[in-house]
Amino acid sequence: MSEFRQKCIGKTNLVGSFAAIPHPVAVEVMAQAGLDFLCIDWEHAQISRDIIETMVRAADVHRVPAMVRVPGHAPEAIQAALDSGAQGVLVPRVSTAAQAAMAVKASRYPPQGERGVGPGRAAGYGYRIPEYLAGANDRTVVAVQVETSEGLANIDAIAAVDGVDVIFVGPGDLSVSIDAIGPQGADKLNAAIATIIGATIAHGKTAGIFCASPQTISRWAAIGASFFVLASDTMFLGAGAAANCAAARDELA
């Protein structure tokens, strides 16, 4: 668990998944699947703040690092996620260097940032504050998600921000933002993704990307990506149910 950030910034190939089902049982099931990490999706899933800590705790039981994709740029959400014991945050829709710098400030304690000190779960509810403070900056993963045309235009400046560990591509929103939806926009989207990954690697940062299926991972790994979020618990549930239902009907045919 304590080596998660070192693996991220060391560009170890890591495969995780989004956790969108707001229940610890779903987290435990995913945690035992062999994934390198989980990313709790507070941005898009119907997960309340009080459930974040329960989901992080469920991942901790199985010694699987849990990050949280926070709802936006607000420092309060970033700090709440980290106080719950999350190993890092994924900050969505980062389009400027200033926004990336704000994410770093909210995630790191002084002098590297402005994160507030409190007796949350991460610090043992106050019992281990000095010990937690001593190592938190070195253990916390700060990932920013580039998924807009503005972010694409500013990728060099974003990648140059000190303290950003991972630059993560969100292909879905990016395709909408640059008008590259569907098969007809595939070449344009792929070129934009390659630009983001290339700039990230050039600045010595770790490149990550969401992959809806495992078949796309090798393509991005070949140009330098090493941090992959593969689908989500809800996507796996739906795909598994649909495949088995179809197989059952084939048996009855």
Query - Subset of the stretch 114-123 (residues that are part of a loop (DSSP other than H, G, I, E, B) and more than 20 Å from the chain's Cα centre (by Cα)) - result: GLU114, GLY116, VAL117, GLY118, PRO119, GLY120
Query raised in the report: Looking at the stretch 86-108, which of its residues are surrounded by fewer than 21 Cβ atoms within 10 Å (Cβ to Cβ), touching a helix residue (DSSP H, G or I) at 6+ places or on another chain (Cβ under 6 Å) and either within 29 Å of ARG63 (Cβ to Cβ) or among the charged types (D, E, K, R) (or both)?
Result: ARG108
Report summary line: With the first residue restricted to the stretch 59-77 and required to be within 13 Å of ALA143 (Cβ to Cβ) and at pLDDT 95 or above, and the second required to be acidic (Asp, Glu) and surrounded by 23 or more Cβ atoms within 10 Å (Cβ to Cβ), Cβ contacts under 6 Å at 6 or more apart or on different chains are ARG69/ASP41
Report summary line: The correct count of residues that are part of a loop (DSSP other than H, G, I, E, B) and within 23 Å of ILE21 (Cα to Cα) in the stretch 75-108 is 6
Report summary line: The lone condition ALA160 fails out of (1) open to solvent by 10 Å² or more (accessible area, probe 1.4 Å); (2) without any contact (Cβ under 8 Å) to a residue 60 or more places away in the chain; (3) out of contact with any strand residue (DSSP E or B) (no Cβ under 9 Å at 6 or more places or on another chain) is (2)
Report task. Taking ASP173 as the residue in question, decide whether it is touching a residue at least 24 places away in the same chain (Cβ under 8 Å) and either open to solvent by 10 Å² or more (accessible area, probe 1.4 Å) or touching an Asp or Glu at 6+ places or on another chain (Cβ under 6 Å) (or both). Result -> yes
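The values are calculated or read from the model by the stated rules, or taken from the named source; none is laboratory data. In this text the structure is predicted, and so the values were computed from the model without any measurement. Using ideal geometry, Cβ is built from the backbone for each residue, glycine included, and neighbour counts are taken over all protein chains shown. Accessible surface is based on the protein model in full, side chains and every heavy atom, while ligands, DNA and RNA are left aside. Shrake-Rupley method; radii C 1.70, N 1.55, O 1.52, S 1.80 Å.
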